1. Taking segment 67-80 only, how many residues are more than 15 Å from VAL107 (Cβ to Cβ) and either among the hydroxyl-bearing types (Ser, Thr, Tyr) or at pLDDT below 95 (or both)?
2. Within the set of pairs 6+ apart or on separate chains, which have a first residue in segment 30-53 that is over 23 Å from ILE64 (Cα atoms), a second that is surrounded by fewer than 14 Cβ atoms within 10 Å (Cβ to Cβ), and C-beta atoms under 8 Å apart?
3. Return the pair list, or none, for Cβ contacts closer than 9 Å from residues in segment 95-111 that are touching a residue at least 24 places away in the same chain (Cβ under 8 Å) to residues that are open to solvent by 90 Å² or more (accessible area, probe 1.4 Å) and not in a loop (DSSP other than H, G, I, E, B), at least 6 apart or on different chains.
4. Hey, among LEU68, LEU57, LEU78, LEU82, which residue is of a type outside the set (Ser, Thr, Tyr), touching a Pro at 6+ places or on another chain (Cβ under 9 Å) and touching a residue at least 12 places away in the same chain (Cβ under 8 Å)?
5. Kindly provide the set of residues from segment 1-43 that are open to solvent by 50 Å² or more (accessible area, probe 1.4 Å), farther than 30 Å from LEU82 by Cα and hydrophobic (A, V, I, L, M, F, W, C), ordered by number.
6. Kindly indicate the residue of segment 64-111 that is among the polar types (S, T, N, Q), within 30 Å of ALA30 (Cα to Cα) and outside any helix (DSSP H, G or I) and also least open to solvent (accessible area, probe 1.4 Å) among those meeting that condition.
7. Has segment 52-63 got at least one residue that is among the small types (Gly, Ala, Ser), in a loop (DSSP other than H, G, I, E, B) and either touching a strand residue (DSSP E or B) at 6+ places or on another chain (Cβ under 9 Å) or at pLDDT below 95 (or both)?
Amino acid sequence: MADPRVKQIKIKTGVVKRLTKEKVSYEKEAVNIEERVEKMKADKKDEYEIKKMIEVLQESKMMIPDTLKRLNNAYADLDTLLTKEEDLSETEEYKAGKTALEEAKAVMPSS
């Protein structure tokens, strides 16, 4: 039977990877919507359409802090687990976890 610690590393690595992708995706979406709003204003589109698009933009921007908070928590969980389970450092899952932490750190604001 596989070591349950390895399974935990794999699960927490998946969470960090997913949240990292989510954060990047929300940020890209917000930029794209902002550009669309500016284009709509420049093209003098209907005020109602512009207003609705601004609401969509605000919803996207509201998701970023929530995703970042969840990513910070998942990052801390995985980092703690990997520190505690250093004896598994030769496993693929451990190495994947370390890589996921590095990728997440690249998209997280430095504090």
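The values are calculated or read from the model by the stated rules, or taken from the named source; none is laboratory data. Computed from a prediction, not measured in an experiment: that's the story for all the values here. When we count neighbours, we look across all protein chains shown, and the Cβ atoms used for this are built from the backbone with ideal geometry, even at glycine. Note: accessible area is taken over every heavy atom of the protein model, side chains too, but ligands, DNA and RNA are not part of it. Shrake-Rupley method; radii C 1.70, N 1.55, O 1.52, S 1.80 Å.
1. Result for segment 67-80: 1.
2. MET40/GLU49
3. ALA96/LYS10; ALA96/LYS17; GLY97/LYS10; ALA100/LYS17; GLU103/LYS17; ALA104/LYS17
4. Going through LEU68, LEU57, LEU78, LEU82 in turn, the sole match is LEU68.
5. Selection gives VAL31, ALA42.
6. Top of the filtered list is SER110.
7. No, segment 52-63 contains no residue that is among the small types (Gly, Ala, Ser), in a loop (DSSP other than H, G, I, E, B) and either touching a strand residue (DSSP E or B) at 6+ places or on another chain (Cβ under 9 Å) or at pLDDT below 95 (or both).
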